[in-house]
Amino acid sequence: MSTVSTKAPAPSDGTAERRQPAGRLRRMREQRIREQRWPAYVFLSPWMIGAVVLTLVPMAVSLYLSFTDYNLFDPPQWVGLRNYGDLFTRDPRFWRSVGTTALYVVVAVPLKLALALGAAMLLRNLASRGRAFYRSAFYAPSLLGASMSIALVWRALFNDGGSVPRVLDAIGIDTGGWVGDPHLAVYVVVLLTVWQFGAPMVIFLAGLQQIPSDLYEAAALDGAGRWRQFVSITVPMLSPVVFFNLVLEIINSFQVFTPAYAVSGGDGGPADSTLFYTLYLYERGFTASHMGYAAAMAWLLLIAIGVITLILFRTSRSWVFYADEEGR
């Protein structure tokens, strides 16, 4: 006689039921992502093609040419590291261009950032009615950019008989024409760069507006003056913005070309005092037709900018303050 089991089935915890739909949902999600990936690639393809054709391929060709002797007319001849060796050991103008560019970066970048920060703090304290006008006025030179026309006007202002030497002579400061003076010509380019401080000023102004006003109120109640508030509150809270502007301005300063070309007349004069690195690179590549040599200079410039940027990022840990990070 068969017996019917009366043992009740074990209660299910629902794990198997939940696992199966979860697996199906995951597979459906992965399939949907794969289906959506191709439209994304299609929309990104113009940029990707442009990056490869206009950036990566020319960079690879330039790297190859830096190891060759190439004059634009004959096939490139492989010379190995000779171009780099000649730059460091046989080319005194290369070192003069490095020195001129370094002087320009060391002088122009701090002055430009200091003026931009000062203007931003001034605009922050202005009444809202006049702030828009002055912000536009301060930013206007940056809209003009480092164009050849503006650089030529700047050269005329500082040239012998220009407005600036005449004004200085009227108040008893006889400097003569700055453009023709080997000691002053580079500062014409510096002043042109500093004059166009609008872009970092706008960034500084945005950063200043993010600093909580109650910090200044608390400091004022503790008896801190304006200078103490600037050092203890403004500078630390604004340090990420300072770091951002510093990196951008240093990178841009190493690549300055148009003002140096216009002020010097294209030859880096007088006495190579305005022989900026990019100007000398242009001269070697497009005037002397030593494209392999110029390509080696371009890669050295890229390496130098990369190393300096890396150093800035490494050292930023000791002076850049982020309010949302603990222990900073």
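The values are calculated or read from the model by the stated rules, or taken from the named source; none is laboratory data. This structure is a prediction, so every number in the text was calculated from the model and none was measured. Positions of Cβ are generated from backbone atoms using ideal geometry, with glycine treated the same way; all protein chains shown enter the neighbour counts.
If I filter the range 302-320 for residues that are assigned to a loop (DSSP other than H, G, I, E, B) and basic (Lys, Arg), do I get at least one hit?
No, the conditions are met nowhere in the range 302-320.
Check the range 265-274 and report whether any residue there is surrounded by 20 or more Cβ atoms within 10 Å (Cβ to Cβ), part of a helix (DSSP H, G or I) and modelled with pLDDT of 90 or more.
The answer is no; no qualifying residue exists.
Tell me which of these residue 210 doesn't satisfy, since it passes every other one: (1) part of a helix (DSSP H, G or I); (2) farther than 15 Å from residue 274 by Cα.
(1)
Can you find a residue that is within 18 Å of residue 245 (Cβ to Cβ), among the polar types (S, T, N, Q) and surrounded by 14 or more Cβ atoms within 10 Å (Cβ to Cβ) anywhere in the range 127-150?
There is at least one residue in the range 127-150 that is within 18 Å of residue 245 (Cβ to Cβ), among the polar types (S, T, N, Q) and surrounded by 14 or more Cβ atoms within 10 Å (Cβ to Cβ).
Do we have any residue at all in the range 255-262 that's among the β-branched types (Val, Ile, Thr), at pLDDT 90 or above and assigned to a loop (DSSP other than H, G, I, E, B)?
Yes - at least one qualifying residue is present in the range 255-262.
Of the residues that make up the range 129-139, is at least one touching a Pro at 6+ places or on another chain (Cβ under 7 Å) and more than 26 Å from residue 267 (Cβ to Cβ)?
Checked the range 129-139: no residue is touching a Pro at 6+ places or on another chain (Cβ under 7 Å) and more than 26 Å from residue 267 (Cβ to Cβ).
Output the number of residues of the range 73-100 satisfying the condition of being surrounded by fewer than 11 Cβ atoms within 10 Å (Cβ to Cβ) and touching a residue at least 60 places away in the same chain (Cβ under 8 Å).
Summing the residues that are surrounded by fewer than 11 Cβ atoms within 10 Å (Cβ to Cβ) and touching a residue at least 60 places away in the same chain (Cβ under 8 Å) in the range 73-100 gives 1.
Any residue at all in the range 219-230 that is among the aliphatic types (A, V, I, L, M), part of a helix (DSSP H, G or I) and within 20 Å of residue 123 (Cβ to Cβ)?
No, because not a single residue in the range 219-230 is among the aliphatic types (A, V, I, L, M), part of a helix (DSSP H, G or I) and within 20 Å of residue 123 (Cβ to Cβ).
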